[in-house]
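None of the figures in this text is laboratory data; all of them are computed from the coordinates on show. The structure displayed is predicted, hence computed values, not measured ones. Backbone-built Cβ (ideal geometry, glycine too); neighbour counts: all protein chains shown.
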Amino acid sequence: MPLGYTLDFSVVLDALPALLWGCAGTIGLALAGMALALVIGIGGVVLRGSKHRPLRSLVIVFVELIRNTPFLVQIFFLFFALPNIGLVLNPTVTAIIALGVNGGAYAIEIIRGGVQSIDKGQVEAGLALGLHKGQVFRMIVLKPALRAIYPSLTGQFIMLTLTSSICSAIAAYELTSVAQRIESETFRSFEVYFTITLMYLAISWLLMTGFSVFSRRYFLYPTR
Amino acid sequence: MQDTSVMRPTVPAAPAGDPLIVMEAVNKWYGTYHALRDVNLSVGRGEKIVLCGPSGSGKSTLIRCINQLETIKSGSITVDGTRLDDSSRSVDAVRSEVGMVFQSFNLFPHMTVLQNCTLAPMRVRGIAAAQAEATARRYLERVRIAEHAHKYPAQLSGGQQQRVAIARALCMEPKVMLFDEPTSALDPEMVKEVLDTMVGLARDGMTMVCVTHEMGFARQVADRVIFMAEGEILEQADPETFFRSPRHPRARSFLGEILAHH
Ligand SMILES: Nc1ncnc2c1ncn2[C@@H]1O[C@H](COP(=O)(O)OP(=O)(O)OP(=O)(O)O)[C@@H](O)[C@H]1O
Ligand SMILES: [Mg+2]
């Protein structure tokens, strides 16, 4: 901090409503992104186990592509490149898609690990009872598989939430872009970024609490 | 459905009447490993068969071919008149008529005992929940575990879990029950409760194919004991004859080992 700089949190106080709306924006982006990531993750695992080789390859290529390129580039691609082929999306929708697609690629690998951890006797028991492969996956494999990888998956979802700050690059409505605007109007960078750091911390904490409440309700059954 | 062109098998001690399961010249390969060699077997309605033999002899493979958990390379299998092929129709038809009990129970951990028992009747047979529950409670009663209907598998002992697994299979009202070493994973004190359940089932006239080394059980309920080694059926006879005077040297040495362990 330069000599003679005096902290003045009054600007933050004035901007508090805007910052809190930013928090809401971030939480909204994150939850929508997680939902999409979960759908892509589960769908990807199903396709990854398909008997059709092209489908399996498609998933592998998708996962490799997303996990080996920067998120910022992915979101720029969606935002600036897609309009060239006639697909114009607003920043928030773009952000949700980018977060969902990015998180989905990681979720595929995580959920696949969970599915592989399920004893194949479970699948055989389901098949032997006359259930189809799809039913076995949905009704027998999925829940215990999600339970097995729940900590990794929710950890990934926290990452996704923090990554949403990068969506400020396309001016999606979320906490970091709100902070950037306030900072550019007041030049109080330290106060503003210090405050949103705490806010991100609070958001993460809130989500983790939510995840653990959900897990206590959804994974009721005892193991061993 | 009814396939009348099936040839009567020429198996010794084949039961009289219209058989429920007919395996003819079945060959199964795992890659380059020849797991079943020209297996011929016919199981009559109501018949109880005990399948035994050394580890790796193909006992599990044989019964898993019956409900198409494994596919065969050549030969034919007919279950209740349905000739098994790769079509989903034959797979569906057979699996809903054939119950299976596994060595490791394989109860679904996230479902209660009752849910384990109602899942397939509701989802496969399309039976309404209330009726599926009534049926489930009846079979749970029969394996004497009805009071645990609301519990989860992890809250039960091994013997209790295996009895639930038997009830779960029975809820589909199958025509035949396959057992793959149902007592091998159990602590000794729990073996009896499961065997008693199986004996009861046999008394009620269920058709059963049991892979087991429980010789007492074989003596008590089996109509026929089948001895396998290296993917082949080497000997089959009624239990008294088989245990008293096994003809094949491999059967003799196998029985010697079994007795030494008991
Ligand atoms: N999925 C598989 N892939 C490759 N080989 C297999 C497979 N399943 C079984 N085998 C082999 O086939 C042979 C027969 O196996 P199977 O499980 O039918 O024997 P088993 O008589 O049931 O033995 P056990 O008493 O140990 O259960 C064994 O040599 C086994 O290694
Ligand atoms: Mg076996």
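Can you give the convex hull volume of the alpha carbon atoms of the protein assembly as shown per residue, in Å³?
Values: hull volume 102.7 nm³, N = 486.
Convex hull of Cα atoms, per residue: 211 Å³.
Which pairs in the list A:LYS133/B:LYS73; A:LYS120/A:LYS143; A:LYS120/B:LYS28; B:LYS48/B:LYS151; B:LYS59/B:LYS192 are over 24 Å apart, alpha-carbon to alpha-carbon? Display every interim value, and only then the final one.
Values: A:LYS133/B:LYS73 22 Å; A:LYS120/A:LYS143 15 Å; A:LYS120/B:LYS28 20 Å; B:LYS48/B:LYS151 32 Å; B:LYS59/B:LYS192 22 Å.
Those over the limit are B:LYS48/B:LYS151.
Which FRET efficiency, nearest 0.05, do A:ARG67 and B:ARG45 yield, Cβ-Cβ r, R0 51 Å? Spell out each step's value before the answer.
Working: r = 57 Å, r/R0 = 1.12.
That pair, A:ARG67 with B:ARG45, gives E of 0.35.
Compute the long axis of helix B:113-123 from its Cα atoms, compare it with the longest principal axis of the Cα atoms of chain B, and write down the angle in degrees, 0 to 90, nearest 10.
80
Kirkwood hydrodynamic radius, computed over distinct alpha-carbon pairs, for the range A:148-224: how many Å, to one decimal? Don't jump to the answer; show the numbers that get you there.
Values: mean 1/r = 0.0695 Å⁻¹.
Final number for the Kirkwood radius of the range A:148-224 is 14.4 Å.
Any idea what % of Cα-Cα pairs in the range B:143-262 are farther than 22 Å? Spell out each step's value before the answer.
On the way: 2860 of 7140 pairs.
Pairs farther apart than 22 Å: 40 percent.
Lys/Arg Cβ at +1, Asp/Glu Cβ at -1, dipole of the protein assembly as shown taken about the Cα centre: which of B:ILE66, A:LEU87, A:LEU38 is farthest positive-ward?
The one lying farthest along the dipole's positive direction is B:ILE66.
I'd like the Karplus ³J(HN,Hα) series for the range A:108-114: coefficients 6.51, -1.76, 1.60, θ = phi - 60°, whole numbers in Hz, and an x wherever there's a Gly or Pro.
In residue order, the calculated couplings are 4, 5, 5, 5, 4, x, x Hz.
Counting every Cα pair in chain B, what percent are over 34 Å apart?
Values: 5672 of 34191 pairs.
That fraction is 17 percent.
Of chain A, which part is the longest with no chymotrypsin sites (Phe, Trp or Tyr not before Pro) in a loop (DSSP not H, G, I, E, B) and with at most 14 other C-beta atoms within 10 angstrom? Could you put the intermediate results ahead of the total?
Values: sites that count: A:TYR5, A:PHE9, A:PHE187.
That gives A:10-186 as the longest site-free run.
Can you compute log10 of I(q)/I(0) for the range A:10-214 with the Debye formula, treating each Cα as one identical point scatterer, at q = 0.08, 0.09 Å⁻¹?
One equal scatterer on each Cα of the range A:10-214 leads to -0.34, -0.43.
Angle check, please: helix B:158-170 long axis (alpha carbons) against the longest principal axis of chain B (alpha carbons), in degrees 0 to 90, nearest 10.
Helix B:158-170 and the main axis of chain B meet at about 90 degrees.
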